[in-house]
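Participant: One structure, as C-alpha cells, below. Some questions next.
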Amino acid sequence: WEAKHGRIPQRSVVFVRSDWSKTWPSVDTDVFPQVLLETVQFLHLQRSILFHGHEPLDTDMTSDFASERWLLTRGYAQAEGVTNLHMVPPTGCLLSTGFPKFLGGTGNYVRFVAVCPPDWPQGILPGSTPEAPLPEYKNALVWNSQKGHRSRS
C-alpha cells in the first residue's frame with residue numbers, strides 16, 4: 001500500500017478494506033479476513049496511527065484472538081463492522097464520527113463519515129437522505145426526574 005500511496009502519516013486513521021461488508025447481511029461469519037498481529041503492531045508502533053478499523057466483526061480468527069488482545073490490552077482503539085470502504089478514496093479524507101446509522105446499518109455504535117475531496121465521485125450530500133442531517137426538534141431534551149431520563153416534554 002505504501003509503495004503506491006506513500007508512507008502512512010503519523011496520527012492517521014487506517015481502515016483495512018477487504019470488501020467483506022459488500023455481502024452483508026449474508027456474510028460468512030465462520031471465516032473472514034483478518035488483520036494480522038504483525039500488521040496492527042506495525043501500524044501502531046512503526047507508523048503511530050490513532051486507530052484502525054476493519055470490515056469484519058472481529059480483528060482476527062486466531063484461537064487466542066492475538067491481534068485483538070494485543071490492541072485492547074495496550075489501550076488502542078479499533079472499529080469493527082465498518083462498511084462502504086469501497087466508496088472512500090485510499091487517502092485524503094477527514095474522518096468524522098457521530099451517531100450510529102439506525103436504518104440499514106450493521107449495528108455498530110458509531111457512524112464514521114469520510115469527508116472526501118470535492119472531486120471524489122462517491123457519496124451523498126447532507127440533506128439528500130432522511131437521516132442526513134438528523135431531524136430538528138422544537139423542544140430541547142431536558143432531565144425529567146419523574147421519568148428518570150431526558151425527554152422533550
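Participant: Can you tell me which condition Gln34 does not meet? The list is (1) open to solvent by 80 Å² or more (accessible area, probe 1.4 Å); (2) in a helix (DSSP H, G or I); (3) closer than 24 Å to Thr97 by Cα, and all the others hold.
Facilitator: (2)
Participant: Out of Pro56, Pro25, Pro9, which single residue is touching a Phe, Trp or Tyr at 6+ places or on another chain (Cβ under 9 Å), assigned to a loop (DSSP other than H, G, I, E, B) and either under 24 Å from Pro118 (Cα atoms) or modelled with pLDDT under 90 (or both)?
Facilitator: Criteria check complete, one pass: Pro56.
Participant: In this structure, does Phe65 turn out to be open to solvent by 50 Å² or more (accessible area, probe 1.4 Å) and either under 15 Å from the mean Cα position of the chain (by Cα) or at positive phi (or both)?
Facilitator: yes
Participant: If you don't mind, there's one more thing I want to ask. When the residues of the range 59-73 are narrowed to those that are acidic (Asp, Glu) and closer than 15 Å to Leu43 by Cβ, which ends up modelled with the highest pLDDT?
Facilitator: Among them, the one singled out is Glu68.
Participant: Right, next: Would you confirm whether or not the range 38-47 contains a residue that is of a type in the set (Asp, Glu), surrounded by fewer than 11 Cβ atoms within 10 Å (Cβ to Cβ) and either in a loop (DSSP other than H, G, I, E, B) or touching a Ser or Thr at 6+ places or on another chain (Cβ under 8 Å) (or both)?
Facilitator: No.
Participant: Has the range 92-105 got any residue that is within 26 Å of Cys116 (Cβ to Cβ), surrounded by 14 or more Cβ atoms within 10 Å (Cβ to Cβ), aromatic (Phe, Trp, Tyr) and out of contact with any Pro (no Cβ under 9 Å at 6 or more places or on another chain)?
Facilitator: no
The values are calculated or read from the model by the stated rules, or taken from the named source; none is laboratory data. Remember, it's a predicted structure, so these values are computed and weren't measured experimentally. For neighbour counting, all protein chains shown are included, and Cβ atoms are generated from backbone atoms with ideal geometry for every residue, glycine included. Note: areas computed on protein heavy atoms with side chains; ligands, DNA, RNA excluded. Shrake-Rupley method; radii C 1.70, N 1.55, O 1.52, S 1.80 Å.
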